[in-house]
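What follows is a single structure, written as structure tokens, with notes after it.
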Amino acid sequence: LSPIDKFLDKIRERGKKYGITQLFDSIFYKTTKSLCELLINNLYDFKVHGKENIPTDNQTGIIFLGLSNGKFDFVVGSCIIPDQIHFMIDAKTYKTPIVSTILRSLGFFRQTEAPDDFGPLLEIKQKLKSKKKVGVLIQTKNPERIRKTIAAIIKMAIEGKPTVILPFHIGGTDTPFPPVQINVEIGKPIPIKR
């Protein structure tokens, strides 16, 4: 972590003692999300299809699972529904100084970096047990890596049940420059049973 990130972490830890870090994070997320929605809806032709497929009960954890075309698909993904989605972010982006603290404040977490790196998977499991919504964007074209990632996600879904996997696709984010048509397609929920 950079010296600035270490300083911000100390402030966040102190805030946790007084119970204000979670409140600040919630306000920060809502404000950032509103700004992103304003930009995306005004700069792009943004459409979401299949919102009716999202489970509405709060007793089910949801994994939004999709293949990623653009580096910032998680920004678009956060605008899909009003609720907070905790996206798993590319480790390089997540480790960028100052950006890492901002991403953590927004509820995002990093991807695994090695086969024995279980931290992010345990974070998914914990969030699903708390019935939160988790977003996983697969950013590879390697079929073997895709299979392994999906197998790990299914395992986390089983352990964090009741959980459904919601496949989705974001199209049109290969280039960030408007005018671009961004289409989000949300598939039918896949219930996970042991």
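The values are calculated or read from the model by the stated rules, or taken from the named source; none is laboratory data. Small disclaimer: the values here were computed from a predicted structure and weren't measured. Reconstructed Cβ throughout: ideal geometry from the backbone, glycine too, with neighbour counts over all protein chains shown. For accessibility, only protein heavy atoms count, side chains too; no ligands or nucleic acids. Shrake-Rupley method; radii C 1.70, N 1.55, O 1.52, S 1.80 Å.
Got at least one residue in region 32-55 being of a type in the set (Ser, Thr, Tyr), over 20 Å from Pro189 (Cβ atoms) and surrounded by fewer than 15 Cβ atoms within 10 Å (Cβ to Cβ)?
So far as region 32-55 goes, yes, one or more of its residues are of a type in the set (Ser, Thr, Tyr), over 20 Å from Pro189 (Cβ atoms) and surrounded by fewer than 15 Cβ atoms within 10 Å (Cβ to Cβ).
Within region 24-59, work out how many residues are over 18 Å from Ile170 (Cα atoms) and touching a helix residue (DSSP H, G or I) at 6+ places or on another chain (Cβ under 9 Å).
Count: 5.
Only one of these conditions is not met by Arg145: (1) within 13 Å of the chain's Cα centre (by Cα); (2) open to solvent by 80 Å² or more (accessible area, probe 1.4 Å). Which number is it?
Here Arg145 meets the rest and fails (1).
Testing Leu106 on (1) modelled with pLDDT of 85 or more; (2) open to solvent by 20 Å² or more (accessible area, probe 1.4 Å), one condition comes back false. Which one is that?
Tallying (1) modelled with pLDDT of 85 or more; (2) open to solvent by 20 Å² or more (accessible area, probe 1.4 Å), Leu106 fails exactly one: (2).
Quick one: what pairs do we get from region 178-193, first residue within 16 Å of Ala157 (Cα to Cα) and among the hydrophobic types (A, V, I, L, M, F, W, C), second open to solvent by 30 Å² or more (accessible area, probe 1.4 Å) and not in a strand (DSSP E or B), C-beta under 6 Å, 6+ apart or different chains?
Note: pairs meeting the criteria are Ile192/Ile158.
Where in region 96-187 are the helices (runs of 4 or more DSSP H), entirely inside, with at least 3 residues that are farther than 30 Å from Arg12 by Cα and among the β-branched types (Val, Ile, Thr)?
143-159
Scanning for something closer than 19 Å to Gln84 by Cα and among the charged types (D, E, K, R), does region 15-32 turn up at least one residue?
yes
Being β-branched (Val, Ile, Thr) and touching a Lys or Arg at 6+ places or on another chain (Cβ under 6 Å) is the filter here; which residues of region 56-79 pass it?
Within region 56-79, Ile62 is the sole residue that qualifies.
Just checking, how many residues over region 22-49 are touching a Gly at 6+ places or on another chain (Cβ under 8 Å) and modelled with pLDDT of 90 or more?
Residues in region 22-49 being touching a Gly at 6+ places or on another chain (Cβ under 8 Å) and modelled with pLDDT of 90 or more: 3 in total.
Filter region 7-25 down to the residues that are open to solvent by less than 50 Å² (accessible area, probe 1.4 Å) and under 23 Å from the mean Cα position of the chain (by Cα), then identify the one that is nearest to Ile98 (Cα to Cα).
For region 7-25, the residue satisfying everything is Asp9.
Does region 130-142 hold any residues that are open to solvent by 60 Å² or more (accessible area, probe 1.4 Å) and at pLDDT 85 or above, and which are they?
The answer is Ser130, Lys132.
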